[in-house]
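This report refers to the structure that appears directly beneath it.
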Amino acid sequence: MVALVAARDEGDRIADTVRGIRALAEVSEVVVVDDGSRDGTASVALGAGAAVIRSERSLGKGRALEGALRRLPAADVWLLADGDLAAAAGELGSVLAPVLAGEADVAIGVFPPDHGGGFGLVKRAAARAIATLTGYRAREPLSGQRALTGMAMEAVRPLAAGFGVETAMTIDAVRAGFRVVEVPAALSHRPTYRDLRGFVHRGRQGLDIALAVLPRALALR
């Protein structure tokens, strides 16, 4: 079982994230997908015991993950995680559990209601798009904490670009007939604040989601 950790400029958190995932007995390898970090994320991840696939420049989350998948051999189960989980990464065992037990093909980690950050607008729009296109009602449409069987991963590839990757992944998995569940977990990550940086991030996220949803709405994929 291989864990892919998406990271960009997470040098202050990536070591704890890697250690938390490596502590999960089910995980055989942790690969940090470094999307053009400028803060030494790659070297810190290596020091914590992860393998690293690094892009010299930022490709965006979805393309960076897809590029890593093309370089790695197939796996029976994949765990996807974000690099800013820090010590909370050790809670990902609960996300893995339904997939490893054969009860689900895709499991999505649901953050506690008070985990903070964000504005809600993008999250609601993503959930609405998923429901409209598939009938599936997602509580955590933007969560990057996911476990997938190897077959489910192949079905949702190539991954959508940028921050549209999670929304598109859920749409594609449900449309392909895979069992998708959401799992509450004691997760936490770096919050997105209501400042200029936060607004820019949410704007980019919303655009990426729209670009991922549009071709699926037009049945082009």
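The values are calculated or read from the model by the stated rules, or taken from the named source; none is laboratory data. The structure presented is a predicted model; accordingly, all values stated were derived computationally and were not measured. Please note: Cβ atoms are built from the backbone with ideal geometry, for glycine as well, and neighbour counts cover all protein chains shown.
Quick check on this structure: which one of G40, G49, G67 is small (G, A, S), under 21 Å from M153 (Cα atoms) and surrounded by fewer than 24 Cβ atoms within 10 Å (Cβ to Cβ)?
Every option except G67 fails the conditions.
Can you go through G120, G177 and tell me which one is modelled with pLDDT under 95, on the phi > 0 side of the Ramachandran plot and surrounded by fewer than 15 Cβ atoms within 10 Å (Cβ to Cβ)?
Checking each option against the conditions leaves just G120.
Can D114 be described as touching a residue at least 60 places away in the same chain (Cβ under 8 Å), among the acidic types (D, E) and closer than 22 Å to D16 by Cα?
The answer is no for D114.
Pairs only if they're at least six apart or on different chains, beta carbon under 6 angstrom, first in the range 165-182 and over 24 Å from R204 (Cα atoms) and without any contact (Cβ under 8 Å) to a residue 60 or more places away in the chain, second among the small types (G, A, S) and assigned to a helix (DSSP H, G or I); list them, first residue then second.
A176/A155
For residues that are more than 16 Å from R8 (Cα to Cα) and at pLDDT 70 or above, scanning just the range 183-199, find the one that is surrounded by the most Cβ atoms within 10 Å (Cβ to Cβ).
The residue in question is L187.
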